[in-house]
Structure formats: structure tokens, C-alpha cells
Amino acid sequence: MQKKTLNRLLTFLIAVSASLHSYANEPSQGGESQEARKKEVSEYVKHHNLDTHDFGLYSYTDDHGEEHHVGFPLPIILWTDGLHVFSSSKFHHGQEVVESNGKYFAMDTHTYKIYETDASGQLHYGEDGHHVENAKPLDLSITKSVFMIFVVSLMLFLIFSSLAKSYAKNASIPSGVGRFFEPIVLYIRDDIAIPNIGETKYKKYMPYLLTVFFFVWFLNIFGLTPLGINVTGNIAITTALALITFLLTNLTGTKDYWLHIFDPLGSSMPWIAKIPLYIILIPIEVLGIFIKPFSLLIRLYANMQAGHIVLGSLLGLIYIFQNWIAGPLSFGLSFAISLIELLVALLQAYIFTMLSALYFGFASETHDHADAHEGEVQHL
Amino acid sequence: MEKLIGEFSIGLFFWQTVLFVLLLLLLRKYAWKPILNAVSEREEGIRKALLSAENAKREMENLQADNEKLLKEARAERDLMLKEAREIKTKMVSDAKEEAKMEADKMIVQAQAAIESEKKAAIAELKSQVATLSLEIAEKVVKSELSNSDKQLKLVEDMLGDATLN
């Protein structure tokens, strides 16, 4: 049995290498020089990480030099003097101007952003050649990222509501896919929420911690598929998540939490001595309130974005060099990086959840807890 | 930084916030609360089961100890009873022996008394018979003696001779 599988694998590999060989014998594809191809790859990777208005699976150029896009369009929702709703297929990937309710819209193919134009669809570029000076409508389109948020939300809802139901049916023992997710839920409760927030107050933060962990983790994993999904590597997404952590932290903050910020030294020294210190300390503490969520949003954004860029660039090496050494080498490297990214996907979800729990812990601290931290000024 | 702000899409931010909050509320109601409740109920159940198992074990141990104690007591009681029985037996035997001996002594004394009285009666009887017999003999002798005058004279003379001597 094993021998048979091995034989099949070998046959497959020989077939693949044979086809690769024929491919390698063809003249170089794409850009003429290595320099030009490098630029092409860099542009491609940059575009790949952007949010788009349609769900593109892949694109190719046929023998006649015509570009084909395989995927499906998504609805575009714009607001400028009224609502404009139409399908993204009308743009033909940024090549055509769309008329809706007497307004004309065109898409900038560099940033995939939609601008208001005249009937000719002319975009006016600024001095740097990239910045578009046309008016921007309020774009509430269901983009690829929004679509993926829908998909992941639906998945999460189905998985965890079925897990919740399986308890009733199966005498408190999870069944199906819940068997895999239940330990993770318990891990978040026992090793993230309880140690950081405390036994008495962790319950009210649990729904957020669990949702944010699975939401980020699932989207990170989707980002590793070759579909070009980069939701958690988008600054708007991480900002929205960090903003919720920020609001939850500060809206549930106890008296001791605010006292810790505006009177960090407490009764450890006379008030007269505190004045010069507080001129520095209080701004730092107040700044800390904002730096904490800011570090969250930048950390997640940068890690996911960087992972996509590294993977994209490594795969691009095949295209840039087009030879027998760079091909397998970049394949091996990107395979290794993919494995690391798989870990990073989980790790970043964990870190986001962990730090959120830590901040909630600060916010819900009571006086006994604050005593344990006495003398500790920095909480960043 | 400018690039970051340029990449920031208000639409995406809006959808993310709305959808995430919606997801959070839905999951909280239909998933997290039931899951966490079920899990903590299960944990409570496990803890209770473990506790009751521990209790049952302890009770079992207590029972066993009780049994052991009862057995020991029973054994001790048995030993005691055996000992008592043995004592009673020896006592009874010795008592019986004593009594028999006493009875025998009494009987011997009575027998001796009876023998004594019989002997006395027999002797008395013998004496009376000897007296009667002696009288008869004496009568017979006197009769024969006194049948001739010579002999009577002689006897008187002998008696007188003795009397002078005295």
C-alpha cells in the first residue's frame, strides 16, 4: 500500500518536473528585464494586499493578450447626494466609468478606491502622480473584506451555536467540531481571562474575548489561503477592533482604575512632593490609555501585512529569476514561512486577546489588587 | 503614516464595527453564554461526583473499620464465653465431687451409727441370753448338786471355808 503511494508520488513528481522543464525552456514571460519584473512583482504584492470591490479568485492573460478575471462581483454602495447601488462588475476592473443616478464614478486601479468623475471618467492626479484629487464619495460597499467578515461571522455563529446546542443534546459533552473548539474556549477562560481579570469580574468580558479571538484567528487563517484575503492586515479592521477594546476598557473602568491614572503614587508621599512628579506622570498615564489600544491595532496590522508581503515576495522570486535555483529555493522558503505564518495567525489572535484581557484587568482592578502593584508606574 | 491613513477605509471600518458588534451580541446570546454555562455546570457536576465518590470511599472505609471492630468484639466475646464455660465446667465438676464426697461421708457416719446401735442391741440381746442361759445352767447344776446330801454338806463346808478365809 505504502509502496503504491510512493510510486504514484514519484510518477507525479516526474510528470510535474517534466512540465516544468518544458516551461523553463520557453522564453521569459512577463517583463523584459529582471528589474522590470521586480517592479511588477512589487506592484502585484501591494495590490494583492489591498481591499477590492470584487471577489477575484485569479486572473490570466490569454493567447490574444486579453486579460481575464475569474471571480464574482460584489455590490457597491456609495453615498454622495443620495444612495448609489450597483454591481462592481460594471467597472470592468477599473476600466470603465459607471453612471448611477446622474453621477459618474471611476475606480483608481492603484488603490482600488472609487472617485466621482465627469462623463469621461478622467481622474486628476496630484503632483506626486498617485494622489487623486477627484471628490471621494462615502464608500460603504460590500468589499472583499466585508464579504469575508460576513463569511467568518456566519461560520463562527454556526460553529459555536451548534456547540452550544450539542451540550443540551449530548449530556454536557460537546460533539462534532465543538470537540476541537471547546478546549480553546476553556483555554481562553482559564489561562487568559481568569489570570488577567480575576475570578470575580472575568465573566462580563468573556463574550468579547472569545469573539475577538476566534474572529481574528479565523480571518488570519483565511489570509493564508491563496484567495488574496487580507482582512486582519487592514488598518481599518484592526482600528475597529482596538476601538472596541478601548471603549470596553474605559467604560468599565473602576474608581481605582481612574485613580491609578490621575493619582498613580497614591498616599505614598505628601501631596506637595507629588506636584512636580505629576506634571510628567499624569500626561504619561493619560497617553497610556490611548497607546495601549494603538499598540494593539498596529501590532495586528503590521504582523499580518508583513506576513503577506513576505510570502508574496518569496513567491515573486520565482517570477523574477525564472531559473532552476530560485524556483525550488523560494518554494521551500515560502513553504517554511507559510508554516510560521500559520503559527503567527494563532499567535496574533492570542496576543490581541491576551492584551485586551490585560487591559480589562487594569480597568476592573479594585483596591486590593492595586496594592499589589504599588510602586509600579509603567503599564504600557 | 500618510500611507496608513490613505489605506484607512471608512466604509470598511463602518462595516467591521457594525458586523463585529452584531456578531458579538449574537454569539453572546446564542453561543458563549450557553457554552460557558454548560461547561461550568459540567465542571460543577464533575466536582460533585468526585466529592461524593470520595465520601463513598470514606464511608466504605468506615464500614470496613466497623466490621473489623465488630468482628474483633465478637471474637473477644466468644473467647470470654468459652473461658467462662470452661470455668463453669470445672466448678461444676468440683462441686459435684465435693457433694458426692460429703454424701458418702454422711452415709458412712450413718452406717457406722447404725452398726454401733445394732452391735449394742446385739450385745444386749447376748447379755440377756447369757444371763438366761447361765441361770438355766446354774439351776441345772444346783439341781444336780443338791440331789444328794453329802454333796450339799460338802458345798456348805467349802463355802464356809472360803468365808473364813475372807
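The values are calculated or read from the model by the stated rules, or taken from the named source; none is laboratory data. Predicted model only: the values in this text are computed from it and were never measured. Reconstructed Cβ throughout: ideal geometry from the backbone, glycine too, with neighbour counts over all protein chains shown.
Would you check which residues across the range A:114-136 are facing chain B (nearest Cβ under 10 Å) and part of a loop (DSSP other than H, G, I, E, B) and list them? Even if it seems obvious, please write down each step before you answer.
From the range A:114-136, those facing chain B (nearest Cβ under 10 Å) are A:114, A:130-131, A:136; that's our starting set.
A:H130, A:H131, A:K136, listed by residue number.
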* Structure fact -> Within the range A:50-98, residues being surrounded by 14 or more Cβ atoms within 10 Å (Cβ to Cβ), in a strand (DSSP E or B) and of a type in the set (D, E, K, R) number 1
* Structure fact -> Among helices (runs of 4 or more DSSP H) entirely within the range A:180-283, at least 1 residues that are touching a helix residue (DSSP H, G or I) at 6+ places or on another chain (Cβ under 7 Å), within 25 Å of A:G56 (Cα to Cα) and within 14 Å of chain B (Cβ to nearest Cβ) occur in A:206-223, A:235-251
* Mind checking which residues of the range A:167-179 are more than 9 Å from chain B (Cβ to nearest Cβ) and either part of a helix (DSSP H, G or I) or of a type in the set (D, E) (or both)? -> A:K169, A:R179
* Listed residues B:E77, B:E2; which is at pLDDT 90 or above and either more than 30 Å from A:H131 (Cα to Cα) or within 13 Å of another protein chain (Cβ to nearest Cβ) (or both)? -> B:E77
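Here is a yes/no grid of residues against (1) of a type in the set (A, V, I, L, M, F, W, C); (2) surrounded by fewer than 19 Cβ atoms within 10 Å (Cβ to Cβ); (3) farther than 25 Å from A:M304 by Cα:
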residue	(1), (2), (3)
A:K165	no, yes, yes
A:I194	yes, yes, yes
A:L209	yes, no, no
A:F222	yes, yes, no
* **Filtered residue count, the range A:139-149, keeping only those that are modelled with pLDDT of 90 or more and more than 7 Å from every other protein chain (Cβ to nearest Cβ)** => 2
